[in-house]
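First up is the structure itself, then whatever we jot down about it.
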Amino acid sequence: MSLKLATSALLNTSKIYRKVMMVPPTHYDVIHQNLNAYMDCSRPVDKTKAMQQWEGLRDTLNAHGLETEICQPEPGLVDMVFSANAAVVLNNKALISKMAAGPRRHESNHFAEWFRKAGFEVEELEKTGKEYMFCEGNAEFVPNHDLSQYFLGWGQRTAESALEPVRDYFSLDKNSVFKLRLIDERFYHLDVAMAPLCLGHIMFYPGAFDAESLKNALQRGGQRGEAGRNNRRRGATVLL
C-alpha cells in the first residue's frame, strides 16, 4: 500500500471513529496452528518487536487525533491483541463477537465486560442461541466515509446469517448494508481485503471476493480505478 493510500485510509478512520480500543500484545503468541493462512507455530514471536510495533500504531493513531483506550489483556488469550475482532461497534452500542475460531471464544466475556464498564450498550451474539451464527466484529464490518453505507464480510470467519442481527441491532436501513463474500483464505476478514478512503473511495483486493460481491462493491463504490492513478472522482474504487 502506498503512503498516500495508507494516509487516506487513516484519515477516513479518524473521521468515522474518535476513540479506538486497543489491547497490548503482552501475552501475544502464535500457539494455534492454522487459525489463518499466516500462522506458523514453528516461528517464534519476537515479543519485543511486537510491543514496539503496537506502540508505534498507538502513537500514530494519537497523532492523527484519535483517542486510544486500553483493554487489559488476559493471560492465555494470546490473540486478544487483534481487538478489531472484539465487537461490531457503532455509536455507543457494541455487538460482542461470537468467534469462529474455538481458541478465541473466551475473549468475548472480557470484551463484553470492558464495553459495559466503558458505558456502551452491549449485546452478545453468543446469547442468540444460534450455534453457527459467527461474527468477528469490526474486522468484518466496514462503513464508508459518511456512514451512509456499510459492508459486512462473510464466508471465512463470519456467517452470512449474521447480516440480519447486525443490521437490526444498530437499526440500519436494509438498503444500506451490503454483504460481501470472502473466498480466499488469505483474506479471512473484510478489513484485510477492503478499506474505505476519503471522499467516498474504496480500496480493496478483487481476488478476495466472489464475482457477485465484487460487482456489488463496484456498484456501491462508483467507477473502477487502479492504485497509483490520479483519480480524484468522488466515489471511485481503487483496486490493488
Take every DSSP beta bridge with both residues inside segment 39-136 and express the antiparallel ones as a percent of the total, to the nearest 5.
-> 55
Rounded to the nearest 5, what is the percent of antiparallel bridges among the DSSP beta bridges in segment 70-191?
-> 45
Length gained when the stretch ARG186-LYS174 is fully extended (0.36 nm per residue, less Cα-Cα span) | 1.4 nm
Which order do peptides 62-73, 200-211 fall in by mean Cβ count within 10 Å, highest first?
-> 200-211, 62-73
So how do 25-37, 141-153 stack up, highest first, on mean other-Cβ count within 10 Å?
-> 141-153, 25-37
Between ALA63 and GLU121, how many nm apart are label points set 7 Å from Cα along the C-beta direction?
-> 3.8
By the gyration tensor of its Cα atoms, with a ≥ b ≥ c the square roots of the eigenvalues, what is the shape of segment 159-207: rounded for a/c under 1.5, prolate for a/b over b/c, or oblate?
-> oblate
What Kirkwood radius, in Å to one decimal, follows from the Cα pairs of segment 92-172?
-> 13.1
Extent along principal axes [Cα atoms of segment 45-104; Å; largest to smallest] | 33, 31, 16
Estimated FRET transfer efficiency when R0 is 25 angstrom, pair ARG18-TYR38 (beta carbons, to 0.05) = 0.25
Using the structure shown, select from LYS117/LYS174; LYS47/LYS127; LYS47/LYS93; LYS93/LYS215; LYS127/LYS179 the pairs with a Cα to Cα distance greater than 28 angstrom.
-> LYS117/LYS174; LYS47/LYS127; LYS47/LYS93; LYS93/LYS215
Counting Lys and Arg as +1 and Asp and Glu as -1 over every other residue whose Cβ sits under 14 Å from the Cβ of ASN91, the net charge comes to +1
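We did not get these values from a lab; they are worked out from the coordinates using the rules stated. Every value quoted in this text rests on a predicted model; they were computed, and no experiment measured them. Neighbour counts run over all protein chains shown; Cβ positions are idealised from the backbone, glycine included.
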